[in-house]
């Protein structure tokens, strides 16, 4: 049985890549070529399935009616993405316990009498009799989907031995299969995306991922789930080796129903929606906040994004200036807009009165980057720079005095701007606050939940702000500044590539990322075009030679055209 | 009778609105329209009888022997040595079984004159409410019967509130009583009341605004602390009988409407009923936050009031069918036992104190002045065609005026 024991988890220790303010992306400079430059690639990765990927995989393999009952461990965010954290986090005892619980429930549901016919590929063998052919077929069928590759002969035999031993102990064929399935569901091969290097290098001699690892990387990137039977088959016959064969699969996956889910998963990660699990608001100050509002706020932003980028084939930059406002009645209370639709979503636009434009004016951003009882220009400004511009803002010094900024009842400093003014004059605070606060202050018309206001503690709110060299008078100006900022699109490119590979970009990949910048620009900043370019690029599957030590070799398949 | 403001709060609100009248329309008014959901509603009453001395003849009492509620008493009387609980169980078993025994709560007109029901007889007891006489012309009510008006609790006089006169000496309507907390069902989402204003030019002074008073088709939206939330969206009840439209004017921040027949829903023991208020006038203040506060006052037919509050004779189930007799009868009789009154006593007192709608034949009035203290908060009110009263939803193919074209403001009186 193949195990991950032989595969080293590579912790990437490359120098941090930063994007100082004023950095001009390749797209803006116009120097990049649309031909993919030769690249170095990166290491093969060992990535833990995210909760979303786990659930999607189980639903795809066994059907959406199979319950996944477990509390998943909190995700680790690294380099701005949980997707990167999945290659850096370990598995705690709690996580294994929960995986075991989930596996037990899934296996019980799959082997329940009413579903056996669906999942056991043979005619109702007697319970007391162990049918090795039937068990082998069951293992082959589901093991291939769960492990996202063909099972090796000795591996399949090992699982069959498990099933036989279980039957000996349990005396029930289906119980034995259930026991075996539990084992497969807690195996590293399922819980971890184990990437292997092909024994046969690419045409240019460089190492690359093996076919099934490529299929898996591609599938989770473009569908958020495990490879389907068609993709596994394509990998098995070497179809992914040829540009045409790869393009066929990429286009098929992007045209499929799960592509939107992958886009949603990316933006859920980039926008840090996992933090909603911990979001709390003071019910006295924000009585309209509840779990429904929190869920709908995330969905509102994701619907806006997918509606604009996919259905509307829109320019990514316009997400910061769009007034599109899908609303539910729960959200309508906070946005103070009517929602005629009773149980569902109503498409519409934010009122001009509210001044809202862009996803940065959504509750999902405003509430998430605020305090439980008040707004925070600093947290919002920090998030604007970190989430949308990929800039890193350091944590505050440990000895900083927050007394003044926290006292929002001080009549002499009625607005957040007043309080921050006093705060930001302190030398130890100023350096960072001048970067964060001006952008966040433009969003001060929205309280700690995101509801519109024009006054704070009776005083008129000043919503003038600035982002780097651009000053503006209100939230709409911030949207325009973000849309026009040179790092906005290059940040998305880097986030998308990191999301796809599960690691930060490497110094040797600068030319490749500039190529992606240029491709993104040439496509009018259409996100599907960017994702397609990544999926079709050699660099996406290439393994850096220096990282090709101590890793498992993969599963060779016939070269394209040989099958 | 003079028409004066009834509370200090009204006067203060007037001053504040007059001050802000020069400002642009507030957030709760959009395109000259505003919507509201009633967040609080209760009967306009007075201080407890113990405080204001309204009941020198004492308080109302109920049946001394619970079997008295049944017309045919044979075999139902309290037996010697029978415990009260046992008696009650036996009563309900027999009275509401397969062959129900006629009871006075479903048939109050069969009762003998009752001397246990007490009404307010003290003079000059200050009450909540407004003076309806100058607001509701006799042509609408068919005339009035002689009655003594009350002084207002915060000054003023001429308050028409015969509901209080009837029930001011009943324990159930004292501050700790159970019958004036019927809004609990509203807060659980069983029913709701919406108000719309259209054609607002100036929230402090406006000669004419269109006013709608509707039952809500949606449950009220509450905070985790169960406080109604402003700016939620509610649809108007699709049944025309729950849609009242009239005109009003705003003077110094006080909105007063022309009379209109209003009908809202309510629920008791899962029995659904209409709560009608005829010739109703809405007189409220509007503060800067869009909070509406004041009175919804009018007249209730005695038969209607008795039915929805005491007899449940025409209550329906969720499908609109007449609710099971056992449920209606049991609820009516049980309520009289629990709250301590006689059904025939209520019925007789209601007619004895009715002050409007005289019977052309007998001259006996058939309607009782009834006032509710109401508060409402901003809301988005949409028609069944999914339109809003607070926003320009032309794109949705709906024009606000259509709601008022559907029914003329005159709201002609129906034959009773």
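Please determine, in degrees from 0 to 90 and to the nearest 10, the orientation of helix A:291-306 with respect to the longest principal axis defined by the Cα atoms of chain A, where the helix direction is its Cα long axis. Orientation of helix A:291-306: about 80 degrees from the principal axis.
Relative to the dominant Cα principal axis of chain A, helix A:510-522 is inclined by about 70°. Using C-alpha pairs below 8 Å separated by at least 6 residues, the relative contact order for the range A:301-419 is 16 percent. Counting beta carbons within 10 Å around each of B:167, A:72, A:94 and listing the fewest first gives the order A:94, A:72, B:167. Measuring nothing but how far apart in sequence close Cα pairs (under 8 Å, 6+ apart) lie, relative to its length, chain B scores a relative contact order of 25 percent.
Relative to its residue count, the protein assembly as shown spans a Cα convex hull of 232 Å³ per residue. The stretch between residue B:181 and residue B:202, if pulled fully straight at 0.36 nm per residue, gains 4.1 nm over its current Cα-Cα span. Rounded to the nearest 500, the 222 nm mean residue ellipticity of the protein assembly as shown from helices alone is -9500 deg cm²/dmol, with -39,500 (n - 2.57) taken per DSSP H run of at least 4 residues.
Provide the FRET efficiency to the nearest 0.05 for the residue A:117-residue A:168 pair, computing r from the beta carbons and using R0 = 25 Å. E(calc), rounded to 0.05, equals 0.50. Computed over the alpha carbons of the range B:181-276, Rg followed by Dmax gives 14.8, 44 Å. Working from Cα pairs under 8 Å separated by at least six residues, relative contact order for chain A is 24 percent. Most tightly packed first, judged by the mean number of other beta-carbon atoms within 10 Å of their residues, the peptides B:305-317, A:321-333 read A:321-333, B:305-317. Listing B:266, B:191 from fewest to most neighbouring C-beta atoms within 10 Å gives B:266, B:191. Counted over all Cα-Cα pairs of chain B, pairs farther apart than 32 Å make up 38 percent. Using the Cβ-Cβ distance between residue B:79 and residue B:225 with R0 = 51 Å, the FRET efficiency computed as 1/(1 + (r/R0)^6) comes to roughly 0.55.
Shielding by partners for peptide A:328-339, expressed as the average number of C-beta atoms from other protein chains within 10 Å of each residue's C-beta, is 6. Taking the number of Cβ atoms within 10 Å of each Cβ as an exposure proxy, the fewest-first ranking of B:287, A:399, B:279 is A:399, B:287, B:279. Distance between the pseudo-spin-label points of residue A:291 and residue A:128 (7 Å out from Cα toward the beta carbon): 4.8 nm. A Förster distance of 51 Å, applied to the separation of the beta-carbon atoms of residue B:89 and residue B:51, puts the FRET efficiency at 0.85. Debye-formula intensities of the range B:88-243, expressed as log10 I(q)/I(0) at q = 0.11, 0.16, 0.20 Å⁻¹, are -0.82, -1.34, -1.29 (one equal scatterer per alpha-carbon, no solvent).
Scaled against 2.2 N^0.38 Å for its residue count N, the alpha carbon radius of gyration of chain A is 1.05. Helix B:8-20 and the longest principal axis of the C-alpha atoms of chain B enclose an angle of approximately 20°. When the alpha-carbon atoms of the range A:264-484 are used, the pair Rg, Dmax equals 16.8, 53 angstrom.
Only the coordinates and a few stated rules stand behind these numbers; no lab work does. The structure displayed is predicted, hence computed values, not measured ones. Glycine gets a Cβ as well: all are built from the backbone with ideal geometry, and neighbour counts include every protein chain shown.
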